[in-house]
Amino acid sequence: MTKRVRKAIFPVGGLGTRFLPATKAMPKEMLPVVDKPLVQYAVEEARAAGIEQFIFVTGRGKQAIEDHFDHSYELHDVLTRRDKRDLLAVIDEIKLPAGAVTYTRQPEALGLGHAVWCARHLIGDEPFAVLLADDLILADQPCLKQMVDAHAGVGGSMIAVMDVPPAHTSRYGIVAPGSAVADPRLVPVQGLVEKPKPEAAPSTLAVIGRYIIDGSVFAELDRKQTGAGGEIQLTDALARLIGQVPFHGFRFAGERFDCGDKVGFLEANLAFALKRPDLAQHVKAFLPRYAAAC
Ligand code: G1P
């Protein structure tokens, strides 16, 4: 029987140089889309998928993330005295249950595979999720929940995938797909290459930052082999597991925004604002008016 996915890793050690100066003293994962930090969207998605243990792989300067998910005495006290019940509910909802959260550090930025490896003692031999907060997914049913449900049927490892323009393959892990299976959302993974040039890419099917990974990946990550960019790549360790455990790409329903990129981040802010009853009308009226005047 397939083991249930109970634990999730959030690699949040990256420097976020693409968003300087905003990220000089603030973690990039704390950048807000509308009024919620990126990392909170990822945590909420994991909770909606039934995750019980939240493991953050942090680094220097990431204290704000720990504080964000903790109890804030001053704020709680001020809001209570002012009788701001709606805001109290907002901050209470963010808190993760006691004992459900662990922070571990990645001492050096040696790659995504290395970040995941840093959490190896907290996982053990069971499938676990990895969520990259930069990839924000707007969906009726949260992306990881879609994947966990599909994973219960097939087990092994599973990665979220979507088609990207051929010119963009060098930004992603790219899948070499096997032949179609009964569930059209599932793509058997026959090969996996990290950031290939368009001419070397086996397809245009790209890995998006949601993974369910079989515990056996740690034996591969232990080898600390470096790949693209001289980094220890999660993609490479996963590729070496092909054939050992079932391995599927999952075409999720939803729209993904690359919030590690300025344009993607701005688009996410607009898309999420347009979904908000308190903001949608204003944004819709403002955009054409302002664009015409520019
Ligand atoms: C990482 C992974 C890559 C994946 C991407 C999704 O790359 O290494 O395989 O396609 O996330 O966002 P990064 O964006 O951290 O360079």
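The values are calculated or read from the model by the stated rules, or taken from the named source; none is laboratory data. Quick caveat, the model's predicted, so the values are computed rather than measured. Glycine gets a Cβ as well: all are built from the backbone with ideal geometry, and neighbour counts include every protein chain shown. Remember, those area values only see protein heavy atoms, side chains included, never the ligands or the DNA or RNA. Shrake-Rupley method; radii C 1.70, N 1.55, O 1.52, S 1.80 Å.
Rank these by accessible area, largest first, 1.4 Å probe: 168, 151.
Working: 168 55, 151 5 Å².
Greatest to least solvent exposure: 168, 151.
Express the carbon and sulfur contribution to the solvent-accessible surface of the stretch 5-81 as a percent, rounded to the nearest whole number, probe 1.4 angstrom.
Values: 1940 of 3670 Å².
The computed percentage sits at 53.
Can you give the charge dipole size of the stretch 182-294 about its Cα centre, rounded to the nearest 20 debye, using +1 on the beta carbon of Lys and Arg and -1 on the beta carbon of Asp and Glu? Could the numbers behind the result be given before it?
On the way: 14 positive and 13 negative charges, 83 e Å.
Charge dipole of the stretch 182-294: 400 debye, to the nearest 20.
Ratio of the stretch 67-194's C-alpha Rg to 2.2 N^0.38 Å, to two decimals? It would help to have the intermediate numbers written out before the result.
Values: Rg = 19.8 Å, N = 128, 2.2 N^0.38 = 13.9 Å.
Rg over 2.2 N^0.38 Å, computed on Cα atoms: 1.42.
For 282, 121, give the ranking by accessible area with the largest first, probe 1.4 Å. Write out the running numbers ahead of the final one.
Details: 282 125, 121 155 Å².
Of 282, 121, the descending order of accessible area is 121, 282.
How large is the Kirkwood hydrodynamic radius of the chain, counting all unique pairs of alpha carbons, in Å?
20.1 Å
DSSP loop (so not H, G, I, E, B), at most 16 other Cβ within 10 Å: list which trypsin sites (Lys or Arg not before Pro) in the stretch 33-63 pass both filters.
Numbers: sites: 47, 60, 62; in loops: 60, 62.
Sparse-neighbourhood loop trypsin sites (Lys or Arg not before Pro): 60.
For the chain, modelled as a Gaussian network with Cα springs under 10 Å, which listed residue fluctuates most, 91, 213, 159?
Looking only at 91, 213, 159, the largest GNM fluctuation is found for 91.
Between the stretch 148-203 and the stretch 220-294, what is the separation of their alpha carbon centroids in Å?
15 Å
In whole percent, what relative contact order does the stretch 18-146 give with Cα contacts below 8 Å and a gap of six or more residues? Don't jump to the answer; show the numbers that get you there.
Details: 107 pairs, mean separation 47.0, N = 129.
Worked out over the stretch 18-146, it gives 36 percent.
Which percent of Cα pairs goes in each bin when the distances of the stretch 14-75 are cut into 5 angstrom slices starting at zero?
Distribution as computed: 4, 16, 24, 25, 19, 9, 3, 0 percent.
With the contact rule set at Cα under 8 Å and sequence spacing of 6 or more, what percent relative contact order holds for the chain? Write down the numbers at each step before the final one.
Values: 531 pairs, mean separation 64.6, N = 294.
Computed value for the chain: 22 percent relative contact order.
Relative to the Cα centre, what is the charge dipole magnitude of the chain, using +1 at the beta carbon of each Lys and Arg, -1 at the beta carbon of each Asp and Glu, and rounding to the nearest 20 debye?
Working: 34 positive and 35 negative charges, 62 e Å.
For the chain, the charge dipole is close to 300 debye.
Please report the relative contact order for the stretch 1-81, taking Cα pairs under 8 Å with a sequence separation of at least 6, and give it as a percent rounded to a whole number. All intermediate terms of the calculation are to be shown ahead of the outcome.
Working: 71 pairs, mean separation 33.1, N = 81.
In percent, rounded to a whole number, it is 41.
Projected onto the charge dipole of the chain (+1 at Lys/Arg Cβ, -1 at Asp/Glu Cβ, origin at the Cα centre), which of 142, 94, 162 gives the Cα projection farthest towards the positive end?
162
So what's the back-of-envelope 222 nm ellipticity for the chain, counting only DSSP H runs of four-plus at -39500 (n - 2.57) apiece and dividing by all residues, rounded to 500?
Computed ellipticity for the chain at 222 nm equals -9000 deg cm²/dmol.
Taking the Cβ of residue 252 as the centre, find all other residues whose Cβ is under 14 Å away and add up their charges (Lys, Arg: +1; Asp, Glu: -1).
On the way: positive: 145, 185, 210, 251, 256; negative: 45, 135, 140, 149, 163, 183, 255.
Taking every other residue near residue 252 into account, the sum is -2.
Placing +1 on the Cβ of each Lys and Arg and -1 on the Cβ of each Asp and Glu in the stretch 9-99, which of 34, 16, 56 has its Cα farthest towards the positive end of the resulting dipole?
Farthest towards the positive pole: 16.
In vacuum, with every alpha carbon of the stretch 241-294 counted as one equal point scatterer, what does the Debye formula give for log10 I(q)/I(0) at q = 0.16, 0.18, 0.27 Å⁻¹? Two decimals, please.
Result of the Debye calculation: -0.66, -0.76, -1.05.
Compute, for residue 294, the solvent-accessible surface of its heavy atoms (probe 1.4 Å) with the complete set of protein chains present, and express it in square angstrom to the nearest 10.
120 Å²
Do any trypsin sites (Lys or Arg not before Pro) in the stretch 163-244 lie in a loop, going by DSSP, with at most 13 other beta-carbon atoms within 10 Å of their beta carbon, and if so which? Please report the intermediate quantities before stating the final value.
Details: sites: 171, 185, 210, 223, 224, 240; in loops: 185, 223, 224, 240.
Listed in order of number, the matching sites are 223, 224.
In Å², what does the accessible area per residue of the stretch 32-183 work out to with a 1.4 Å probe? Before the final figure, lay out each step's value.
Numbers: 7180 Å² over 152 residues.
Using a 1.4 Å probe on heavy atoms only, each residue of the stretch 32-183 averages 47 Å².
Over the chain, with a Gaussian network built from C-alpha contacts below 10 Å, which listed residue (158, 26, 147) shows the highest mean-square fluctuation?
26
Report, in degrees rounded to the nearest 10, the 0 to 90 angle that the Cα long axis of helix 262-274 makes with the longest principal axis of the chain.
60 degrees
Considering only DSSP beta bridges whose two residues both sit in the chain, what percent are antiparallel, to the nearest 5? Write out the running numbers ahead of the final one.
Numbers: 25 of 44 bridges.
Expressed as a percentage, antiparallel bridges in the chain total about 55.
To the nearest 10 degrees, how steeply does helix 38-48 sit against the main Cα axis of the chain, on a 0 to 90 scale?
70 degrees
Just 115, 200, 89 to compare: in a GNM of the chain, with alpha carbon springs under 10 Å, which one fluctuates most?
89
Please state the charge dipole magnitude for the stretch 113-152, taken about the Cα centre, from unit charges on C-beta atoms (+1 on K and R, -1 on D and E), reported in debye and rounded to the nearest 20.
Numbers: 2 positive and 6 negative charges, 23 e Å.
Dipole magnitude for the stretch 113-152 comes out near 120 debye.
In degrees between 0 and 90, to the nearest 10, how far off the longest principal axis of the chain does helix 143-154 point, with axes built from Cα atoms?
30 degrees
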